[in-house]
Amino acid sequence: MSKGGKAVSSKKILVVDDQFGIRVLLKELLEQDGYSIYQAANGPGALQIVQDERPDLILLDMKIPGMDGLEILRHIRDIDPAVKVIMMTAYGELDLVREADELGVVAHFTKPFDIEVIRQVIRDQLN
């Protein structure tokens, strides 16, 4: 996609987290990097956005009430097997991380995370 001969970065990122503050923080910072940001607080909302918008990358919290991150990830893979997913978790549960890795996540972070590290990983994944 280009406008006036210049490449336009309109990569889409979906942030899925039940914590409003984390969604807002990531939205504000990642919009500064030129990405289009979508937000969902739960699994059904996330899956609707994946279906409608086909994001390039998804930041997915592991612990979401109702439908947990792994369940959401399995459904995401049904809709778009190739989308890049980065898992976030407040817990160091190795079995969940291992299963997420088997489902093809490109990276995972433990909260609280270093936002600059996440920004760099996103840049590496989308460029």
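Here are some notes:
- Averaged over its residues, the chain has an accessible area of 52 Å² per residue, based on protein heavy atoms and a 1.4 Å probe.
- Cross-link reach list, aspartates and glutamates versus Lys63, counting only Cα pairs under 19 Å and skipping chain neighbours closer than eight places: Asp17, Asp18, Glu71, Glu93, Asp95, Glu99, Asp101, Glu102, Asp114
- Only one of [x] 52, 32, 23; [y] 48, 30, 25; [z] 59, 37, 22 was calculated from the structure for Cα extents along the principal axes in Å, and its label is [y].
- When peptides 12-18, 97-103 are sorted by average Cβ neighbour count within 10 Å, with the highest value leading, the order is 12-18, 97-103.
- Check: segment 81-127 dipole with +1 on Lys, Arg Cβ and -1 on Asp, Glu Cβ, in debye: 240
- Projecting the Cα positions of Leu70, Ala90, Val121 onto the charge dipole of segment 9-127 (unit charges on Cβ atoms of Lys, Arg, Asp and Glu, taken about the Cα centre) puts Val121 furthest along the positive direction.
- Each Cα pair under 8 Å and six or more residues apart adds its separation to the average, and for the chain the resulting relative contact order is 21 percent.
- With every protein chain in place, the chain: carbon and sulfur % of accessible area (1.4 Å): 51
- Rounded to the nearest 20 debye, the dipole size of the chain about its Cα centre is 560 debye, using +1 on the Cβ of Lys and Arg and -1 on the Cβ of Asp and Glu.
- For segment 3-127, share of DSSP beta bridges that run antiparallel, in % to the nearest 5: 5
The values are calculated or read from the model by the stated rules, or taken from the named source; none is laboratory data. All values derive from a computational prediction rather than experimental measurement. All Cβ positions, even for glycine, are placed from backbone atoms using ideal geometry, and neighbour counts span all protein chains on display. What goes into the accessible areas is simple: the full protein's heavy atoms, side chains included, and nothing from ligands, DNA or RNA. Shrake-Rupley method; radii C 1.70, N 1.55, O 1.52, S 1.80 Å.
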